[in-house]
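Have a look at the structure below, then the notes.
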Amino acid sequence: MTKNKLFSKFDPVSAKAFKQKIQFDLKGNSYNDTLVWNSNEGIDIKPFYHRDENSTFRSIPGIPDTWEIAETIFITDAKVAGTIASKAVVSGTETIIFKADTPFKIKELFETFIHTEIPIHFKLGFIDAVFNKQIHQETANRSIYIHIDSIGHLAEEGNWYHSLDEDHRILEEVIKTNSATLTIHSDLYQNAGATMIQQLAYSLAQANEYLHHLENKKVSPQTIIFEIAIGSNYFFEIAKLRALRQLFEVLKNEYAFAKTLTCHIIAQPSSRNKTIYDYNTNMLRTTTECMSAILGGADTILNMPYDHIYHKTNDFGQRISRNQLIILKRESYFDAVSNPADGTYYIESITEQLAKKALLVFKDIEQQGGFLKQLKEGVIQRKIKESAAKEQSQFDTQEKVLLGTNKHPNTNDRMKDTIELYPFVKTKPRKTLVEPIIKRRLSEAIEQERLKTEV
């Protein structure tokens, strides 16, 4: 039996022929002015992509075979946190991220959380070499990652935890005794309004600061974790994660001691486009953002409860956010294929352009003295502010739409009596070494005005 190829009776159509047909149908209108649009990243988006113009692709290193469902548990009481984490694991969570602002009783945590097969991440609001060593001693038979990003803390809070020298000394000690992990909190840049090119370049420059320091100290980490925030630009966000892996591969190959360093991406939805009004729409936003993270090749996906902006952590919100990922993984089979975006002309083109443009910004940062120098001089903060202001203007003029907030709002929606957490930027007057990078949601001004006028 002879098998005929699909569409074998149709003649192939070149990219040139496609464009000629489109130009004819435009009846004299400009192809570029009518159909090509420019993104905030300075990338021209064409109406179609063809293999004639996209014949070769760079491989994406480090794409995982599958991804894991993560959940954040805040530690106020160690035993309670352990119990909550155990219930989450039984309900489908595959990775636990414990957060704490102050030291806690480590033994009590693991008296109630007994799942030794589950990877555990610790995101602490402090750094303490002795405490970190105690965690290591209590978790010798577990997969543990301790997140320390003192440069990220400086960028967000304006100060080191202790000082540059002390923070770096603790980092060196933790890498030697714990899970040998570096962490870059790149989500700060996205949530503050940076473009994707800035997010990639600043993440790379921050990683370079650490690698340069550790090379001189002869300390060799095994894994670098990038915590990435995913926005609503579906295909661009897929490309962003792929570009990050390409860029990191270029960077690590510049360091002999880092050639075996692996990249682990923890991706979570952005807070920047989340709203308190028409809050159920947040579930739609987080679903597509998690899909971008999966298709882009994240190792771990941490979803965001739809009400996390204005509600304290609650079982219902956590369950819904967890179930969104379970549905994607176990019912929609988003884990069935590794690297499904590979070879797609549109995504491959965006990936290449994001990587090239971010690399140029990274090189400029290094030529100007490096990330820390530009942070101290306020250059990084100024450029993020400019990008954020442009995006805010697009939101204010409805060029950028958040349904239910700046377009088609439900005027009967009432939120004043349901808010448990302050959902807007908090001002903390204090003396800082550098100007902090401020996270800010697009809809804050509209929401504040609506809250004032609620009856």
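Screening the chain for whole DSSP H helices with an alpha carbon extent of at least 30 angstrom along the helix axis and a mean Kyte-Doolittle hydropathy of at least 0.0 yields nothing. Here the calculated FRET efficiency for Asp396 and Phe48, from their Cβ-Cβ distance with R0 = 30 Å, stands at 0.40, rounded to the nearest 0.05. Remark: relative contact order (the chain) = 18 percent; criterion is Cα-Cα distance under 8 angstrom and separation of 6 or more residues. Available extension along the chain between Lys452 and Thr112 is 117.9 nm, counting 0.36 nm per residue and deducting the alpha carbon span.
Between rounded, prolate and oblate, where does region 107-170 land on the alpha carbon gyration tensor, with a ≥ b ≥ c its root eigenvalues, rounded for a/c under 1.5, else prolate if a/b exceeds b/c? Note, shape of region 107-170 comes out prolate.
Ignoring ligands, DNA and RNA, what percent of the 1.4 Å accessible area of the chain is carbon and sulfur? Display every interim value, and only then the final one.
Values: 11520 of 22320 Å².
So the carbon and sulfur contribution to the accessible surface is 52 percent.
Protection proxy ranking, highest mean first, for peptides 21-30, 154-163, 230-239: 230-239, 154-163, 21-30, where packing is the per-residue count of other beta-carbon atoms within 10 Å, averaged.
Look at the Cα gyration tensor of region 308-432: its axes a ≥ b ≥ c give a/c of at least 1.5 with a/b at or below b/c, and that counts as oblate. Placing dummy labels 7 Å off each Cα toward the beta-carbon, the span from Ile22 to Glu377 is 4.1 nm. In terms of distances greater than 24 angstrom between alpha carbons, the cross-link table entries Lys46/Lys356; Lys376/Lys431; Lys252/Lys431; Lys363/Lys400 yield Lys252/Lys431; Lys363/Lys400. Over region 1-117, Cα pairs under 8 Å with separation of 6+ residues give a relative contact order of 19 percent.
Looking at region 211-309, which trypsin sites (Lys or Arg not before Pro) are DSSP coil and have at most 15 other C-beta atoms within 10 Å of their C-beta?
Counting only loop positions with at most 15 other Cβ atoms within 10 Å, the trypsin sites (Lys or Arg not before Pro) in region 211-309 are Lys218, Lys259.
A Förster radius of 30 Å, combined with the Cβ-Cβ distance separating Thr83 from Lys428, puts the computed FRET efficiency at roughly 0.40. Using Cα centres only, tell me the gap between region 271-333 and region 139-157 in whole Å. Cα centroid to Cα centroid, the span is 23 Å. Where only DSSP H runs of four or more residues are counted, the chain gives -14000 deg cm²/dmol as its mean residue ellipticity at 222 nm, each run worth -39500 (n - 2.57).
Taking θ as phi - 60° and the Karplus parameters 6.51, -1.76 and 1.60, the scalar couplings of region 44-49 work out to 7, 9, 8, x, 8, 10 Hz in sequence order, x denoting glycine and proline. Each of the peptides 433-445, 403-415 was scored by the mean count of other Cβ atoms within 10 Å over its residues; in descending order, highest first, they stand as 433-445, 403-415. Each DSSP beta bridge with both residues in the chain is either parallel or antiparallel, and the antiparallel ones are about 5%. Note on Lys439: lysines with a C-alpha under 16 Å away, same-chain residues under 8 apart excluded, are Lys274, Lys383, Lys385, Lys390, Lys426, Lys428. Annotation: per residue accessible area for the chain equals 49 Å², rounded to a whole number [probe 1.4 Å, protein chains only].
The Thr102 and His162 beta-carbon pair, evaluated with R₀ = 25 Å, returns a calculated FRET efficiency of approximately 0.95.
Determine, for each peptide in 363-372, 206-215, 220-229, the mean count of other beta carbons within 10 angstrom over its residues, then list the peptides with the highest first.
Numbers: 363-372: 15.7, 206-215: 19.8, 220-229: 21.5.
Final packing ranking: 220-229, 206-215, 363-372.
Compute for region 162-241: radius of gyration divided by Kirkwood radius, i.e. Rg/Rh, restricted to C-alpha atoms, rounded to two decimals. Could you put the intermediate results ahead of the total?
Working: Rg = 14.4 Å, Rh = 13.8 Å.
Rounded to two decimals, Rg/Rh equals 1.04.
When you restrict to C-alpha pairs under 8 Å that are six or more residues apart and normalise by the size of region 151-264, the relative contact order lands at 29 percent. Stretched out straight at 0.36 nm per residue, the stretch from Thr411 to Asn29 would grow longer than its current Cα-Cα span by 133.5 nm.
The values are calculated or read from the model by the stated rules, or taken from the named source; none is laboratory data. Quick caveat: nothing in here was measured; it's all calculated off a predicted structure. Positions of Cβ are generated from backbone atoms using ideal geometry, with glycine treated the same way; all protein chains shown enter the neighbour counts. Ligands, DNA and RNA are stripped out before the accessible areas are found, and what is left, the full protein with its side chains, is counted by its heavy atoms. Shrake-Rupley method; radii C 1.70, N 1.55, O 1.52, S 1.80 Å.
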